[in-house]
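Read-outs throughout are calculated quantities, based only on the coordinates presented, and are distinct from any laboratory measurement. Keep in mind that what you see is a predicted model, and the values were worked out from it rather than measured. When we count neighbours, we look across all protein chains shown, and the Cβ atoms used for this are built from the backbone with ideal geometry, even at glycine.
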Amino acid sequence: VAEEVSLSGGQAVQRVRLLEELENPGYNSGILDNDLIEYYQLLAEKGDVQAQVGLGQLHYQGGRGVQQDHQRALHYFLQAADAGNPIAMAFLGKIYLEGSDIVKQDNDTAYKYFKKAADLGNPVGQSGLGLMYLYGKGVEKDYGKAHKYFSQAADQGWVDGQLQLGNMYFSGLGVRRDYKLANKYFSLASQSGHILAFYNLAQMHATGTGMMRSCPTAVELFKNVAERGKWGEKMMEAHIHYREGRLDEAFVTYTLLAELGYEVAQSNAAFLLDKGDVSLFLEQDVFVRALMYWRRAAAQGFSAAQVKLGDYHYYGLGTPVDYEMAATHYRLASEQQHNAQAMFNLGYMHEQGLGMQQDMHLAKRCYDLAAETSTDAKVPVALALMKLSLLFSMKYLQEVSAVNSAF
């Protein structure tokens, strides 16, 4: 995967969680509606520079429901660059530096566009010039100039500048080798999701280069790289099937990716089974399979899946009713991932004495934590606390009555 990464970083892959898409109306899946794309196209054709740049980037990178198309990207970037937009100039530099079936590789043209963008303070253009000087593409190799341009880009938070500075410090190219600085810049680049930053950090953790060796951390980082392979595009394919109502096809694609280890695919496969949207299995097998996928997603740190495991054990879905096991899953989601729903559920179980000793004080504490963690929990928590207050009062009256009857 890492070897095939170009300057563009490859096609973008959206990981849409069906559970969050359903439960949170404001959830941004990143997928653009056709009507919105057509609106942007109309604006672009009327000369709106921001629309031209936005569409150019969408078609250059792909993703968000838009196919990668360098011909259309070139069309929009040329229009915006002619209007003096530095972002468009910089991306034209990238297109000509890389070359493709659509555009012949041309260092001179790439340098021209990068220089124009860099002179206007654009970090993408600065980083592009840095690359040309680093590798001697159309210019004489000059590590000093490369470092200068990468530093300018990194100072503006541009991911490619951060990555390349990391490479220079890691390999000692024109600078003194410094693994701590390499780690710093790779970590910054990884926060923006750059595959090569994940890969380089993974290598450093796996070999203990400039840091304490940590194989578990290396595995997590390598997994991030592997999940960005071409097969990751199947994730979008499955979501398209889901949106078009072809639920069995969506489920089959998600299960294929689930077996490859994609946590989002595991939780989405479980979600489809949980909602009864899959017609491929006998009724008694549906929740058993859903439980399996929720368990796999929870093992990879998805807190909502951990809550679902608690729900399945609480209600006896795909497994016998087990309040203690339900409480264990809620507690894990609450303590490790600060999940408000899990905190609320724990509060109710403490209140009712389900799977644990009844404890009104702990119930109130869990409810309060849920309200502090999520604003969405405040209304149900307020109702739960009113009920709890009523129970406290009834218990107090019962105790007073018991004392009076004793006398």
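Please give the contour-minus-distance gain from LYS184 to GLN71: 0.36 nm per residue of separation, less the Cα-Cα distance, rounded to one decimal in nm. If you can, show how the numbers build up before the last one.
On the way: separation 113, 0.36 × 113 = 40.68 nm, distance 3.66 nm.
Between LYS184 and GLN71, full extension yields an extra 37.0 nm.
Please compute the contact order of the chain in relative form: average sequence separation of alpha-carbon pairs under 8 Å and at least six residues apart, divided by the residue count, as a percent.
On the way: 619 pairs, mean separation 30.6, N = 407.
Relative contact order of the chain: 8 percent.
What percent do you get for the relative contact order of the range 2-193 when only Cα pairs under 8 Å and 6+ apart count?
Working: 297 pairs, mean separation 20.8, N = 192.
The value is 11 percent.
When we measure straight from the Cα of LYS387, which lysines land under 20 angstrom away, once same-chain ones fewer than 8 places off are left out?
LYS364, LYS378, LYS395
Cross-link partners among aspartates and glutamates for LYS104, C-alpha distance below 16 Å, same-chain residues fewer than 8 apart left out?
Correct list for LYS104: ASP69.
For LYS387, put the label point 7 Å out on the Cα→Cβ axis and report which residues of the range 325-352 keep their amide N under 13 Å from it.
344-352
Rounding to the nearest 20 debye, state how big the charge dipole of the range 230-406 is about its Cα centre with +1 on each Lys and Arg Cβ and -1 on each Asp and Glu Cβ. Intermediate values should be presented prior to the final figure.
Details: 15 positive and 21 negative charges, 59 e Å.
Dipole about the Cα centre, nearest 20: 280 debye.
Output the relative contact order of the range 129-264, whole-number percent, from Cα pairs under 8 angstrom with separation of 6+ residues. Don't jump to the answer; show the numbers that get you there.
Values: 168 pairs, mean separation 15.4, N = 136.
Here the relative contact order equals 11 percent.
Subtracting the Cα-Cα distance from 0.36 nm times the residue separation, let me have the gained length for ASP82 to ASP142 in nm, one decimal.
Working: separation 60, 0.36 × 60 = 21.60 nm, distance 3.01 nm.
Once the chain is fully extended between ASP82 and ASP142, it gains 18.6 nm.
Can you list the aspartates and glutamates whose alpha carbon sits under 13 Å from that of LYS94, skipping same-chain ones fewer than 8 residues off?
Within reach: ASP106, ASP108, ASP160.
When the gyration tensor of the chain is built from Cα positions, what are the square roots of 5 times its three eigenvalues, in whole Å, from largest to smallest?
In descending order the semi-axes read 51, 26, 21 Å.
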